Amino acid sequence: MSESHLQVSVDQDLCTGDGLCVQYAPDIFEFDIDGLAYVKDETGELLTSGGSAVGVPERLRLDVIDAARDCPGECIHVRRSADGVAVAGPEAPPTS
Ligand code: SF4
């Protein structure tokens, strides 16, 4: 069952290309040839259309949230699939 409660996307316009997200969650984030991070779907295909969103598998949830919180470009958006509310990233409320 691949039910996903969160979705993640990257705003490539703000991506610095440092690669932190690729280190945190290589099953989700990967560089394209332009040196910017993009998200991969559940088949591992890189979605090179800017701002594409994919579901976050439960086993990767914390890795993806950590990546969004630490992303230096503040350009990883993690939202609830059900209602689009931001849970991590620049639009999410502070956590501490
Ligand atoms: S952590 Fe953020 S700024 Fe760095 S490569 Fe990933 S999306 Fe781009």
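The values are calculated or read from the model by the stated rules, or taken from the named source; none is laboratory data. Predicted model only: the values in this text are computed from it and were never measured. Neighbour counts are summed over all protein chains in view; Cβ atoms, including those assigned to glycine, are modelled from backbone coordinates with ideal geometry. Side chains included, ligands, DNA and RNA excluded: accessible areas come from the protein's heavy atoms. Shrake-Rupley method; radii C 1.70, N 1.55, O 1.52, S 1.80 Å.
Okay, residues lined up against (1) among the charged types (D, E, K, R); (2) surrounded by 13 or more Cβ atoms within 10 Å (Cβ to Cβ); (3) in contact with a Cys (Cβ under 9 Å, 6 or more places away or on another chain):
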residue: Ala37; (1), (2), (3): no, yes, yes
residue: Gly44; (1), (2), (3): no, no, no
residue: Ser52; (1), (2), (3): no, yes, no
residue: Val56; (1), (2), (3): no, yes, no
residue: Arg69; (1), (2), (3): yes, yes, no
residue: Val78; (1), (2), (3): no, yes, no
residue: Asp83; (1), (2), (3): yes, no, no
residue: Ala88; (1), (2), (3): no, yes, no
residue: Pro94; (1), (2), (3): no, no, no
*Within segment 42-63, can one find any residue that is near the ligand (Cβ under 10 Å from one of its atoms) and within 13 Å of the chain's Cα centre (by Cα)?*
no
*Would you mind telling me which numbered condition in (1) within 8 Å of the ligand (Cβ to nearest atom); (2) in a loop (DSSP other than H, G, I, E, B); (3) of a type in the set (A, V, I, L, M, F, W, C) Val22 fails?*
(2)
*asked:* Just to be sure before I move on: is Ser4 more than 16 Å from the ligand (Cβ to nearest atom), open to solvent by less than 80 Å² (accessible area, probe 1.4 Å) and of a type in the set (S, T, N, Q) in the structure I sent?
replied: yes
*Having 3 or more residues that are more than 11 Å from Val10 (Cβ to Cβ) is the bar; report the strands (runs of 3 or more DSSP E) wholly within segment 26-96 that clear it.*
86-88
